[in-house]
Amino acid sequence: MRNSKTSDYFLLTLLALIWASAFFNIKIATYSYGPLTIAFLRIFFGAIPVIFLCFIKKIKIEAFSKDWFWFASIGVINLVIPFFLIAYGVQKVQSNLAAILMASTPLSATLLAHFFAKNEKISLIKSFGVLVGFSGIVFLFSDNILIDNNNFLSAILILLGSTFYVIGGLLTLKISNKKNENVTASILIWGTIFLLPITLLFEQPWNLTPRLDSTLSLIYLGVFSTGIAWLLRFYILKHNGLVFQSQVAYLIPIFGVILGYLILDEVITSKVMISLIAVIIGIYIVKKGNKIKLI
């Protein structure tokens, strides 16, 4: 039993590391590639392992079935838009800043779920958690060392990208009766279809002379941070449940800040640490609020 529990937490930590590593790899990819190209190739490379798994497990991919509209909509809202906004924003901000801003996703989800999901009403405890978490985000914007007039909009766009993740997640409730692998493969296919002509038209990637590190980071983003990470998420969900898997939210911003410092020598200011702690505490309170029912 102990070994099994250790293995579960190892996989959870591995998932957090893979997702957290996306931020510094996006930063490296921006050295050579535009945000549209990054978003497109990330989705394209991410689709490969997922489609391969569906083939191995003989899971039918329903991207072009009668539910194609939902797959296409989720692909655009949950993949295309946030991937583009994050890549665009990270061009001018540190990757560790992006990691903290994206950590606001569980907080945004709590607010939006109150209005658009059944049995997800916000409570006093969850409201307090959201307030604490977003206070940390607001405080982060007061850090003049990391955020100034030149990159303020970039930080806002990253924060907006996290909101689109939540909206896309809510839309998946419309097709919650389908297998996760099928849904992921289908939305990745539609994301690729949508971005291909736009990328070719606006960024003309064939004219690029990319650096090797940027190219390797881009492949990593697709295969590992998108494709394999989603498959690992499915495995954890199936064997340990949503509550256990959701603990990854605590680890991603921590690993994101550490990796940005180690790999890119990014600055960690006192305000970054305070904001990080506030966001993690906010997420913790919100998740506690999910277990506590007030009469």
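The values are calculated or read from the model by the stated rules, or taken from the named source; none is laboratory data. Note that the coordinates shown come from a computational prediction; the quantities given were computed from them, not determined experimentally. Here Cβ is always computed from backbone atoms with ideal geometry, including for glycine, and neighbour counts include all displayed protein chains.
For region 166-177, taking the residues that are closer than 11 Å to residue 74 by Cβ and of a type outside the set (A, V, I, L, M, F, W, C), the one that is surrounded by the most Cβ atoms within 10 Å (Cβ to Cβ) is identified as 168.
Here residue 78 fulfils each of the conditions (1) at pLDDT below 90; (2) part of a helix (DSSP H, G or I) apart from (1). A residue that is closer than 21 Å to residue 236 by Cα and free of Cβ contacts under 8 Å to residues at least 12 places away in the same chain cannot be found anywhere in region 14-28.
Being surrounded by 14 or more Cβ atoms within 10 Å (Cβ to Cβ) and either modelled with pLDDT of 90 or more or within 16 Å of the chain's Cα centre (by Cα) (or both): is that true of residue 245 here? Here the answer is yes, as residue 245 does meet what is asked.
Tell me whether region 180-194 contains one or more residues that are surrounded by 15 or more Cβ atoms within 10 Å (Cβ to Cβ), more than 20 Å from the chain's Cα centre (by Cα) and among the hydroxyl-bearing types (Ser, Thr, Tyr). No, there is no match, as no residue in region 180-194 is surrounded by 15 or more Cβ atoms within 10 Å (Cβ to Cβ), more than 20 Å from the chain's Cα centre (by Cα) and among the hydroxyl-bearing types (Ser, Thr, Tyr).
So that you can scan it fast, the table gives a plain yes or no per residue for (1) free of Cβ contacts under 8 Å to residues at least 60 places away in the same chain; (2) crowded, with 17+ Cβ neighbours inside 10 Å:
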| position | (1), (2) |
| --- | --- |
| 110 | no, yes |
| 116 | yes, no |
| 123 | no, no |
| 140 | no, yes |
| 143 | no, yes |
| 147 | yes, yes |
| 154 | no, yes |
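Screening region 218-242 for residues that are within 17 Å of the chain's Cα centre (by Cα) and hydroxyl-bearing (Ser, Thr, Tyr) and picking the one that is surrounded by the fewest Cβ atoms within 10 Å (Cβ to Cβ) gives 220. The single condition from (1) crowded, with 18+ Cβ neighbours inside 10 Å; (2) closer than 22 Å to residue 41 by Cβ; (3) polar (S, T, N, Q); (4) at pLDDT 95 or above that residue 215 fails is (1). Exactly one residue out of 108, 142, 186, 127 is modelled with pLDDT of 90 or more, more than 23 Å from residue 228 (Cα to Cα), in contact with a helix residue (DSSP H, G or I) (Cβ under 9 Å, 6 or more places away or on another chain) and assigned to a helix (DSSP H, G or I): that is 127.
Restricting 267, 223, 279 to those that are under 28 Å from residue 118 (Cα atoms), in contact (Cβ under 8 Å) with a residue 60 or more places away in the chain and β-branched (Val, Ile, Thr) reduces the list to 279.
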